[in-house]
1. Output the residue which, of all residues in the range 26-85 that are outside any helix (DSSP H, G or I) and surrounded by 10 or more Cβ atoms within 10 Å (Cβ to Cβ), is nearest to the chain's Cα centre (by Cα).
2. Of the residues that make up the range 35-52, is at least one touching a residue at least 24 places away in the same chain (Cβ under 8 Å) and within 26 Å of residue 72 (Cα to Cα)?
3. What number of residues in the range 3-25 are in a helix (DSSP H, G or I) and either modelled with pLDDT under 85 or within 26 Å of residue 58 (Cα to Cα) (or both)?
4. Go through (1) at positive phi; (2) at pLDDT 85 or above one by one and return the number of the condition residue 44 breaks.
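The values are calculated or read from the model by the stated rules, or taken from the named source; none is laboratory data. All values derive from a computational prediction rather than experimental measurement. Note: ideal-geometry Cβ built from the backbone for every residue, glycine included; neighbour counts use all protein chains shown.
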């Protein structure tokens with residue numbers, strides 16, 4: 001398929017495209033979590049007895065999910081993090 005002169009610029013300026021990009025921005029939380037965890041597993045800095053490449057893991061399951069599911073997972077995780085009670089001595 002060939003995109004004509006100026007068509008991509010016109011496309012990315014559509015409100016529909018901008019709305020989709022905004023709606024899916026929250027799913028980047030899962031993307032970053034997957035990426036960082038896999039990078040840490042490769043250099044063996046993942047704590048505990050996790051071996052995410054050879055056994056079923058939450059990271060593997062998250063990576064299998066389509067973007068719209070990861071968006072909802074991200075929303076729930078972010079909400080849980082924000083609602084987690086902080087210690088009286090610690091502030092993030």
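1. The initial filter retains those residues of the range 26-85 that are outside any helix (DSSP H, G or I), namely 43-57, 65-66, 84-85.
Then keep just the ones that are surrounded by 10 or more Cβ atoms within 10 Å (Cβ to Cβ); that gives 46, 50-53, 57, 65.
Numbers: 46: 18, 50: 20, 51: 20, 52: 17, 53: 19, 57: 16, 65: 11 Å.
Ranking the candidates gives 65 first.
2. no
3. Looking only at that region, the number is 5.
4. Going through the list (1) at positive phi; (2) at pLDDT 85 or above, residue 44 breaks only (2).
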